């Protein structure tokens, strides 16, 4: 059918129409980047930058960037910015915020940066209730080095150094960083969204907005984890990225608001605010319990043997 | 002038405050701890911030962030803690941020760490080694000035004696030459203007105003080292004119050596001293001049032999270089041991002067 | 031939597309298809058909920022082959 | 001119505080001063040594002194290692209430002051070191007694200021118990500044 259907010209804007969404977020100096096809990080970037624009805080914002694929956004984001070392962005952001307490300060880190290399930094920054917003782009893989296991890789996930899939007994268990940070008294707002479909993008945008609003109210540490597609690092076709994300990462790192201060105003999610998103075909716990089933634990069955 | 009795830690903290330092982050470790204590008390009194960082890694990262806003900021530890900070020191140097680092060291075995660094890449820190509290007050203030002047980290090398000795000192702000404005610092105000700023060690600017990238950045940062070497050598010498023997020492042990040399001179022994105040840049020329025509160049340092390498570079084979220092510590490991004794040092100098073996 | 009521449209920066296809299932009215031809980078790219609502789902799901979304001031009837 | 003072005692006797007070008093008198304390981790019972150097110009001596002009001996427990660090004829103030053991009274100018008993008589048993530093100030004039009193007040943290009056009585009692300026530290009392 497609071959026959008439194609609408899309080379230039039509007459008698108004633009409802711009090509490039206001705070991007160029739409060009070197991310792979199907990467979810630019989607998260748009969410972040659009939110800053809409909040009207771009001219009092400092970004602190970690090291990963997304580091290249340092050169394209039209924001005052400090480039940090791998893992260290929360501490650098702490120094920035303490010297510029009336500015909006956020970090952008990947899961390798935040949950592997810099785990204690984000934990302590959250525990101190540092008034910064940490944004985690979590794709469960070291994308920049070419697809290696991180601390958030899920059980069964194939990476270049877990060729048979991540095995809990041999490689350990993934860390649900959002859940961990939500337990700390210093964290005011914690949420986990994703960019694997347009609805998720819209929900994630509300989370990012609420995180920054929490910072503007001075409530403490705010955190938004955004699950992003990495088809290159997952070794799946680009078009299958969203589905793979939902079936793997999304089942362990379940989406939803994990924590919000009572005074933070009503949630856009209404009743579902503090609960994982409902999903068709069974709740996330089904899959999680499958991944962490008793028989898969050490000594629980023949599959558990890895020669240790 | 009002002088007040202060331990070195307090005096250095006061000197940092007098220098305009308004941010400090650190993690307790003897003998650095009291410096942190004093800054934790003093900085809030002057509108600054002192954070009890959860680790040295975090302390240096916090200072990095504060520096990026243009604030005068510092961190510190003992050498062990500084070992943890080395990655950040490298990158902060390449980011051209004016960090001041205090190493309240356990003895002098951090000479290599201070002057060569344990980090990656082509980076150097200016290293200043005071011998007593009065000099520490001056060099701390100089450190903040030089860091800004060169946009390069400066390390102040102290030790247990410096931290815990008290002297009556006056900590008044010193006056230095004017510095250029910190137009590179971020304040968050330029987002969305196409003129936003990036503080980065990678030499990467914005796409509309790209930096030269990593190669060009290194080419721009590294040549500063030659300029610093040309302009920032600091050294004290004494009794060199007719010296037949020279002793080289730095930091608080140099005060012992200077005292011994003074005693021996009073007794007619032709001995002089060279005291490097800047360990990097090292006073190679002063050492070379001192080595001219002497029978020996002795090196007294409280370690297994580190600065002796630089002395040999300076001497260039013109005289025998003899190490008369050594490892010296008490049970605590804080670097105050039996070698820090005027009589012991005198004995070792006299042994060399008289052509005997140096006692092991 | 028949016509389809079309409220919106998009512009597509074809040369910026990396051919990931994330926009295709993202489009609620299913009016995007991948081209048979390739762009200058060698990637297939999306093409628009009648029936766009101007909802911006394609834009939100495009990692390469190739879409701009418009709404007609007055909805138009676009012809479609049966 | 530089004058050195070594102090020794057991932790808890107030040796470190006495050294601090003398240091502050010397600064009040306008002299250069250096104080270095070494004490074991135990707050009480371990060794507690301190070094004070006072000078009328910049101090040349390093903080660990090998040849001292004087000593304060609050207890004999850690006294022996200090003996070789005293110059011939050094001034030694001895806490005769507690001191047991040998001391070479030919080589050293020893002043016996029963400071622990005196402090107890004053109703301030913890003030023995204050009595001793008053006695030392009286015998040597290294610091003026009035400067010692002021230095003591500056050395006490706010939460210990209630001890200031008793400490002042202790310092003055010590100073009055000895022959004034029996072995003067300076040719004239007080420096120019």
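The values are calculated or read from the model by the stated rules, or taken from the named source; none is laboratory data. Since the model is a prediction, treat every value here as computed from it, not as a measurement. Quick reminder, even Gly has a Cβ in these numbers, built from the backbone with ideal geometry, and neighbours come from all protein chains shown.
Got at least one residue in the stretch B:236-252 being at the interface with another protein chain (Cβ under 9 Å from one of its Cβ atoms) and either within 20 Å of residue A:84 (Cα to Cα) or buried (at least 18 other Cβ atoms within 10 Å of the Cβ) (or both)?
Checked the stretch B:236-252: at least one residue is at the interface with another protein chain (Cβ under 9 Å from one of its Cβ atoms) and either within 20 Å of residue A:84 (Cα to Cα) or buried (at least 18 other Cβ atoms within 10 Å of the Cβ) (or both).
Per-residue answers, yes or no, for (1) part of a helix (DSSP H, G or I); (2) touching a strand residue (DSSP E or B) at 6+ places or on another chain (Cβ under 7 Å); (3) under 26 Å from residue B:343 (Cβ atoms):
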{"site": "D:12", "(1), (2), (3)": "no, no, no"}
{"site": "D:20", "(1), (2), (3)": "yes, yes, no"}
{"site": "D:36", "(1), (2), (3)": "no, yes, yes"}
{"site": "D:48", "(1), (2), (3)": "no, yes, yes"}
{"site": "D:61", "(1), (2), (3)": "no, yes, yes"}
{"site": "D:65", "(1), (2), (3)": "no, yes, yes"}
{"site": "D:83", "(1), (2), (3)": "yes, no, yes"}
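Working carefully through the options B:321, B:297, find the one that is touching a residue at least 40 places away in the same chain (Cβ under 8 Å) and either within 20 Å of residue B:237 (Cβ to Cβ) or not assigned by TED's automatic domain parsing to the domain that holds residue B:245 (or both).
From the options B:321, B:297, the qualifying one is B:297.
Give me the residue from the stretch B:333-348 that is assigned to a loop (DSSP other than H, G, I, E, B) and closer than 12 Å to residue D:66 by Cβ and, out of that set, farthest from the other protein chains (Cβ to nearest Cβ).
Only one residue tops the list, namely B:338.
Whether any residue in the stretch A:110-119 is at pLDDT 95 or above, crowded, with 24+ Cβ neighbours inside 10 Å and out of contact with any helix residue (DSSP H, G or I) (no Cβ under 9 Å at 6 or more places or on another chain) is what I want to check.
Scanning the stretch A:110-119 turns up at least one residue that is at pLDDT 95 or above, crowded, with 24+ Cβ neighbours inside 10 Å and out of contact with any helix residue (DSSP H, G or I) (no Cβ under 9 Å at 6 or more places or on another chain).
Looking at (1) in contact with a helix residue (DSSP H, G or I) (Cβ under 7 Å, 6 or more places away or on another chain); (2) within 30 Å of residue B:263 (Cα to Cα), can you tell me which one residue D:128 breaks?
(2)
Could you check the stretch B:71-186 for strands (runs of 3 or more DSSP E) lying wholly inside it with 2 or more residues that are more than 24 Å from residue B:235 (Cβ to Cβ), touching a strand residue (DSSP E or B) at 6+ places or on another chain (Cβ under 6 Å) and within 14 Å of another protein chain (Cβ to nearest Cβ)?
Result: B:72-77, B:165-169.
What number goes with the only condition from (1) under 29 Å from residue B:136 (Cβ atoms); (2) at the interface with another protein chain (Cβ under 10 Å from one of its Cβ atoms); (3) surrounded by fewer than 20 Cβ atoms within 10 Å (Cβ to Cβ) that residue D:35 does not pass?
Only one criterion in (1) under 29 Å from residue B:136 (Cβ atoms); (2) at the interface with another protein chain (Cβ under 10 Å from one of its Cβ atoms); (3) surrounded by fewer than 20 Cβ atoms within 10 Å (Cβ to Cβ) is unmet by residue D:35, namely (3).
Any idea how many residues of the stretch D:85-117 are closer than 15 Å to residue D:136 by Cα, in contact (Cβ under 8 Å) with a residue 40 or more places away in the chain and part of a helix (DSSP H, G or I)?
The qualifying residues number 1.
Mind listing whichever residues of the stretch A:14-67 are more than 8 Å from chain C (Cβ to nearest Cβ), more than 14 Å from residue C:64 (Cα to Cα) and not in a helix (DSSP H, G or I)?
A:15, A:26, A:27, A:56, A:57, A:61, A:62, A:63, A:64, A:65, A:66, A:67
With the checklist (1) surrounded by 24 or more Cβ atoms within 10 Å (Cβ to Cβ); (2) within 7 Å of chain B (Cβ to nearest Cβ) in hand, flag the one item residue A:75 doesn't pass.
Single failed check for residue A:75: (1).
If we only count strands (runs of 3 or more DSSP E) wholly inside the stretch C:20-82, which ones have 2 or more residues that are more than 8 Å from chain A (Cβ to nearest Cβ) and more than 23 Å from residue A:29 (Cβ to Cβ)?
Fully inside the stretch C:20-82 and qualifying: C:32-34, C:67-80.
Take the residues of the stretch A:105-131 that are touching a residue at least 24 places away in the same chain (Cβ under 8 Å) and at the interface with chain B (Cβ under 7 Å from one of its Cβ atoms): which is farthest from residue A:44 (Cα to Cα)?
Looking at the filtered set, the residue picked out is A:124.
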